[in-house]
Amino acid sequence: MKITQIYKRDGTLVPFNQIKITHAIYKAAQEAGGHDMKLAEKLSDMVVDILENHFPQTIPAVEEIQDIVEQVLIKEGHTKTSKLYILYRQKRKELREKREKNEIENIPYKTIWQNLVWNLEHSCDTVSKLNKHIEAGIFSQLIKDSEARYDQEILKIASLIKANLNRIKLLIISGPSSSGKTTTTQRIADELKKEGINFVKLAIDNYFYSLDYQLKDDYSDYDFEGPYALDIPLINQHLADLLRGEEVDVPRYDFKSGCREEKTDKLKLKDNQIILIDSHFGIYDKLTEIVPDDKKYKLYLETLCQLKDNQGQFVRWTDIRLLRRMIRDVQFRSYNPKETIGHWHYVRQGELKNIIPYIHTADYVFNTSLAYELPILKHCLFKFFPEMIETYKNDPNRQDAYIRAQRVYDLLKEVKEWPDKSLVPQNSILREFIGDN
C-alpha cells in the first residue's frame, strides 16, 4: 500500500506530502539544537513505513500521522525533540480551539476603530474617496495629515517608554513583514535620544542559522519566515549575559553566502542603556524568554488599513504589506515582484503561527498604514502584475500566489495613480520601501 492521500481535521481529503513530516521533525529538532536533515529524513521514512506497512487504515488522518511521529521519535531515543514536537501540537490545538470559539483577543479593535474614525474624518475611508483627493488636487494635504498623525504616534510611544524607564531593560519592536519596523525603531530612538535615553540594538538577523541548516522547498526557496530559523538559545544566552553586565560576541551573518562570518562584534551595556530588539518575531515568547516580562516593553506594528474597495470590502492589511515588500525588494534586493509574491506563503505561515497569536501580549499596538500610500505603490508596481498573474495562473502548486496577485491587481485597478514621490517626506515610513530617504 502506498499512501497518496490523508484526511485533514475537517474531514477533507488532500494529497499526502512526506516533506511536511520531514520538515515538522526538523523544526522540532532545531528547537532542541539539532540540524541533521538526513536524520529527519530517515525518521520521516520510518513514519511512512509504518503508515504503508503496519497501519490498518488505507487513508490516515493527520492526527494519526502525528501520533506515529511521536512514537518514532521516542522509540529512536530523541526524547527532547519528541517533547518539543508534542508541545508544538498542543499549541496548535489551543490556537484552533480559540478560532472555533471565535475568540478575538488578538485583534486590536480599539486601534482599528481609531483608524477608521480618522479615515472618515479625512474622507479617505473608501477607494473612491481616496481617488477624489487626487481629482480635486488636494492629495498633498492628505499626505501632510497622514504624516502628522504618524509623528504624533511616535511622540506618544516615546512618552510611554519614558514613563516606564524604571522597569524597562528590553524594548521590543515587533510586527509582520513590511510593517515599518526599521523606520519606526529609528524614529523612536531619535526621539528618546533627545532625553538622554540610549538603546543598544541586538541585531537578531545576525543569529540566523547557516543555509545548510535551513529548510528549502521544491522551488529552492528558503524559509526564513519562522523563529526556528534563528539560534534562539544563543539569543537568550546573550540577553542574560548582557543584563548581568557581561560582554558578548555578537555573530555576523552574511546573507550572500548564507553563513556566519568568523569575525564577531563585541557588545556590552553601559549604565542606563536599554537593549533594543527590532524583529518580526520579537513578541514570540521563546525569543526572549530569559528576560522577565516586567522588564520588557513590547511594541507591535501593523498596517491597520481601514479602506473599503468598490465592492465594499475592506482592503486586507497583508496586501498593503505585500505591496510594500514588493517595491522594497525591487529597490534594494534585486528581486522581481514575481519572486516576492511566490514566497509570500512562507511569510503568512510565519505570521499566523509565530506573530499574530502573541499580539495580545504587546504593551502597545501601533498602526503604520498611511492613508495615501496606495496611489504611490500603484505607480511603482502596477506594471508587474499581468506577468505575475500569467506565471502562476496555471501552476497548481502556486495557486496561492495567483489568487493574491489577481486580488491585488483588481484592487490597484480601482486606485488612481500618483507618480510624484517628491511630496513624501524624507523621514516617512514609506521611504523605507520606495527609497530615496
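The values are calculated or read from the model by the stated rules, or taken from the named source; none is laboratory data. Nothing here was measured: the structure is a model prediction, and the numbers come from that model. Cβ: placed from backbone, ideal geometry, glycine included. Neighbour counts: every protein chain shown.
This table checks each residue for (1) surrounded by fewer than 21 Cβ atoms within 10 Å (Cβ to Cβ); (2) of a type in the set (F, W, Y).
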{"residue": "Y364", "(1), (2)": "yes, yes"}
{"residue": "L374", "(1), (2)": "no, no"}
{"residue": "F384", "(1), (2)": "yes, yes"}
{"residue": "Y392", "(1), (2)": "no, yes"}
{"residue": "S422", "(1), (2)": "yes, no"}
{"residue": "L430", "(1), (2)": "no, no"}
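When the stretch 116-129 is examined, which residues are found to be on the phi < 0 side of the Ramachandran plot and outside any helix (DSSP H, G or I)?
We begin by selecting, within the stretch 116-129, every residue on the phi < 0 side of the Ramachandran plot; these are 116-122, 124-129.
Listed by number, the residues that qualify are H122, C124, D125, T126.
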Go through the stretch 380-409 residue by residue and tally those that are free of Cβ contacts under 8 Å to residues at least 24 places away in the same chain and not polar (S, T, N, Q). 9
Single unsatisfied condition, D49 versus (1) over 30 Å from the mean Cα position of the chain (by Cα); (2) surrounded by 14 or more Cβ atoms within 10 Å (Cβ to Cβ); (3) modelled with pLDDT of 80 or more: (2)
Scope the stretch 342-373; condition of a type in the set (D, E, K, R) and under 12 Å from P176 (Cβ atoms); matching residues: R348, E351, K353
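Mind counting the residues in the stretch 241-254 that are free of Cβ contacts under 8 Å to residues at least 24 places away in the same chain and outside any strand (DSSP E or B)? Working first, answer last.
Taking the stretch 241-254 as the starting set, the residues that turn out to be free of Cβ contacts under 8 Å to residues at least 24 places away in the same chain are 241, 244, 246-249, 254.
After this cut, where a residue has to be outside any strand (DSSP E or B) as well, the list is 241, 244, 246-247.
The total comes to 4.
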Looking at the stretch 31-59, I want the residues that are in contact (Cβ under 8 Å) with a residue 24 or more places away in the chain and have a partner that is charged (D, E, K, R) and in a loop (DSSP other than H, G, I, E, B) with Cβ atoms under 8 Å, at least 6 apart or on another chain. Which pairs are those? L43/E76; M46/E76; E52/K2
Selection from the stretch 160-177 of residues more than 20 Å from E302 (Cα to Cα) and either modelled with pLDDT of 95 or more or outside the structural domain of P292 (by TED's automatic domain parsing) (or both) yields L170
Residue count for the stretch 52-75, restricted to those that are crowded, with 16+ Cβ neighbours inside 10 Å, under 16 Å from I86 (Cα atoms) and in contact with a strand residue (DSSP E or B) (Cβ under 8 Å, 6 or more places away or on another chain): 1
Just for the stretch 372-403: of the residues that are within 22 Å of the chain's Cα centre (by Cα) and hydrophobic (A, V, I, L, M, F, W, C), which one is nearest to Q306 (Cα to Cα)? L374
Taking interchain pairs and intrachain pairs at least six residues apart, which have beta carbon atoms under 9 angstrom, with the first residue in the stretch 271-291 and in contact (Cβ under 8 Å) with a residue 40 or more places away in the chain and assigned to a loop (DSSP other than H, G, I, E, B) and the second of a type in the set (D, E, K, R) and surrounded by 19 or more Cβ atoms within 10 Å (Cβ to Cβ)? H280/K181; H280/E225; H280/E351; G282/K181; G282/K298; I283/K298
Give K144, K132, K156 a once-over and let me know the one that is surrounded by 14 or more Cβ atoms within 10 Å (Cβ to Cβ), in a helix (DSSP H, G or I) and among the basic types (K, R). K132
Within the stretch 294-310, tally of residues that are closer than 20 Å to V117 by Cα and more than 18 Å from the chain's Cα centre (by Cα): 5
Residue pairs meeting the criteria (Cβ under 6 Å; at least 6 apart or on separate chains; first of a type in the set (D, E, K, R), in the stretch 70-87; second surrounded by 14 or more Cβ atoms within 10 Å (Cβ to Cβ) and at pLDDT 80 or above): E70/S82
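Would you call I173 in a helix (DSSP H, G or I) and surrounded by 19 or more Cβ atoms within 10 Å (Cβ to Cβ)?
no
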